[in-house]
Amino acid sequence: MTLLRDLGRRKLRTSLTILGITIGIWALVVFGSMANKINALVAGGSEFYTGKVTVSAAGGQMGFGNPLSIDAADRVARLPGVGAVVPGVNMLLSDQMTGVSFGMPQMIEGQVAGADRGRETFTLHYASGRALTSADEGSNVAVLGSDLARQGDTRVSDTITLRGETFRVVGILEPTLTAPDGAAMIPLAAAQRLFVRSLPSLVSAKLDPATVVTGITIYPSPGTTAETVAAEIRAASPDLAVMTGADFDRQIGSATAILNSILVGIALISLAVGGLSVINTMAMSVAERTREIGIKRAIGGGRRRIVRELVTESAVIGFLGGAVGLALGAALVLVVNEAGRSSGTLLFQLTPGTALTAVAFSTVLGAVAGLVPALHAARLDPVAALRYE
Amino acid sequence: MAPTALLEGTNLRKTYRLGGHTTVDALRGVDVTIDQGEMVAIMGPSGSGKSTLMHILGLLHAPDPNHGPRPELRFDGRDMVSLGEGERTRIRARRMGFVFQDFNLVPTLTALENVMLACDYAGIRGAAARTAAREALDLVGLADRGDHRPTELSGGEQQRAAIARALVNRPSLVLADEPTGNLDSERSAEVLALLRRFNVEHGQTLVLVTHDEEVGAACDRVVRMRDGRVRDQAAAVIVRATEPAPRAVAAVA
């Protein structure tokens, strides 16, 4: 209570100091949530690509891009250590969806269900409906990722138009926080047809859709690692772009590490400024209260007690700043995510860990910033302090 | 019965450095004894060292150790010179009470909380502190002003609240530095009568620093100082708690 009265003595100054911390924590929460989201995407991707080899046509990546002849799948299948070969078509859901997109783009993914022979370890959970089966080949059915389904308010047995063709939805996935959330999964034959139609007519005229894929996923047979198989494929077919989970981590992981440190760095700089303003406020507050501190010391208030009171006060400033910053940051995260939900782009992910860290950090920051002026106050000579004008 | 010494100081010296090479010899070797139950005034012109003496007797400052003969300061028979800051703070909290000229109270606390602060420092908390603080405020006639902040109290009321705070832990010694310095004559008579009453009724030992001759005249004894030395320790009026002679009280009441 006394503490709040002390904080309330200079309401404007206390508020401004709290605001300084608020901005810092706000930045930490917002950028931290952004980093969380990126990390979740990357972790999901890393998990997705682990334990398998993804092959694309030269110039493509992650089983996506230029057309690849399905013959490549037969070639790869003959190599040692190859367990299962799954040719597939990955393409953008819509050509209009170009430009910079944060997170994963929405995709159409086509492959023959079950071709992985049970080797896929990235399990998908169905919120409703069923998975595709090999019996679906030849019919226009689709399984939708959670974002995609929510975006169109689509339910099982509704129809959806994908690149001009109508598909009946048979299943909807649970959120995975990574690529499948924005994917429409369809049988391979349908995907091949859509893909070839999307190519320039000069190219597509010469192609039989049944022979064209964009990527091949290779699962190593037991006892063989993805890296070994990747090396075999690179040696046998230098014209293919080959990628493993390790490659994914190298390429994407290092880029996100830099992005993360930039984001967190910005937040830390704003917090350093906030911390300095706490030091300034507490130093002024101590100067104003010099005589009062003299009285307290004279009538028997110990040095430690004086330090404790002042440090608690600045810790409360830090805590309030942190709490308000967290609230504002969480509000922004919520609003932006809600706005982005319709387009399937969730920009932020605010975890309890981030929230807790932000408030704990600001409280500790406040306490540490208050320590310097508090120690100064405790060292004051009580007699000199009493005479201070 | 011979009076018991509560405070005994010998060879008390203090030199202050004012920055650079300028020093002030505030105390140049003072011997002083304060007896149990005595009400003593320390008087003298500005710069005579009377406040410095009070700060040393009140353990706010330590006497200089390295000027001439070794200084000694005994409080209740115990050596005070060798004590560290922490222990001196504890003794101030538990065995002493302080009243200053002005700005006695913590401005954000009510009168009651200010008194309770002294209890807190002495290790008494909660309901016991609240009860003791209320009683102390009652004794100085501020029973109904406990919830007021210092700014809502008159100068005289503030000094009485400070006296309540000084007395709440029933200290062995109360030191007052110009307690009436900022009050008009009527208020200062009230405050003085209050201090006198505690001295007479409870045998409270009191040391007052003042340059008001009327205050000095109301005390048992006056220690007169000049240029950092004691000039005269003659008794002004002989009044003892054991044989109350309420003349001085009557004079100011």
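Nothing in this text is a laboratory measurement; each read-out follows from the coordinates by a stated rule. As the structure is a computational prediction, the values presented were derived from the model and not from experiment. Glycine gets a Cβ as well: all are built from the backbone with ideal geometry, and neighbour counts include every protein chain shown.
Couplings 3J(HN,Hα) of region A:110-123, computed from phi: x, 7, 7, 4, x, 5, 6, 6, x, 8, 5, 9, 7, 7 Hz, in residue order, whole Hz [Karplus 6.51 cos²θ - 1.76 cosθ + 1.60, θ = phi - 60°; x for Gly and Pro].
I'd like to know which of A:Gly215, A:Ile38, A:Gly300 lies farthest towards the positive end of the charge dipole of chain A, counting +1 on Cβ of Lys and Arg and -1 on Cβ of Asp and Glu. The residue sitting farthest along the positive end of the dipole is A:Gly300. Between A:Ala236 and A:Asp71, the simple spin-label model (points 7 angstrom out along Cα→Cβ) gives 1.5 nm.
Each principal axis of the Cα atoms in region B:74-202 has its own extent, and those three values, largest first, are 41, 33, 27 angstrom.
Among A:Gly110, A:Gly44, A:Gly164, the largest mean-square fluctuation in a Gaussian network model of chain A, built with springs joining Cα atoms closer than 10 Å, belongs to A:Gly164. Amide H to amide H, with H built 1.01 Å from N, B:Gly97 comes under 5 Å of B:Leu173, B:Val174, B:Leu175, counting only residues 5 or more places away or on other chains. Taking 20 Å as the straight-line reach from the Cα of A:Lys11, the aspartates and glutamates in range (excluding those fewer than 8 positions away in the same chain) are A:Glu288, A:Glu292, A:Glu309, A:Glu313. Here the gap between A:Asp95 and A:Leu207, fully extended at 0.36 nm per residue and compared with their Cα-Cα distance, gives a gain of 38.3 nm. In terms of its Cα atoms, region A:89-211 spans 41, 35, 28 Å along the principal axes, sorted from long to short. Under the simplified labelling scheme, the A:Ile269-B:Asp227 pair shows an inter-label distance of 6.7 nm, with each label point 7 Å from Cα along Cα→Cβ. Remark: region A:127-144, residue by residue, has Karplus-estimated 3J(HN,Hα) of 6, 7, x, 9, 7, 6, 10, 5, 5, 6, 3, x, 10, 8, 10, 8, 10, 10 Hz, where x stands for each Gly or Pro and the curve is 6.51 cos²θ - 1.76 cosθ + 1.60 at θ = phi - 60°.
Just to be sure I understand: of the beta bridges DSSP finds with both ends in the protein assembly as shown, what percent are antiparallel, rounded to 5? If we restrict to bridges inside the protein assembly as shown, about 65 percent are antiparallel.
Checking every one of the trypsin sites (Lys or Arg not before Pro) in region A:183-232 against DSSP loop status and a limit of 10 other Cβ atoms within 10 Å picks out A:Lys206. Mean projection of the Cα convex hull over all viewing directions, computed for chain A: 24.8 nm².
Model label points for B:Glu152 and B:Glu85, set 7 angstrom from Cα along the Cα-to-Cβ axis, are 3.6 nm apart.
In straight-distance terms, cross-link reach from A:Lys52 covers every one of the aspartates and glutamates whose alpha-carbon lies under 20 Å from its own, apart from those fewer than eight places away in the same chain; here that gives A:Asp71, A:Asp74, A:Glu109, A:Asp116, A:Glu120, A:Glu227, A:Glu232, A:Asp239, A:Asp247, A:Asp249. Full extension of the chain segment joining A:Leu12 with A:Met284 gains 96.6 nm, where the gain is 0.36 nm per residue of separation less the Cα-Cα distance. Since only A:Ala127, A:Ala184, A:Phe167 are under comparison, the one whose Cα sits farthest along the positive direction of the charge dipole of region A:89-211, derived from C-beta charges on Lys, Arg, Asp and Glu, is A:Phe167. With a Förster radius of 56 Å, plug the Cβ-Cβ distance of A:Leu4 and A:Ala131 into 1/(1 + (r/R0)^6) and report the FRET value to the nearest 0.05. That pair, A:Leu4 with A:Ala131, gives E of 0.40.
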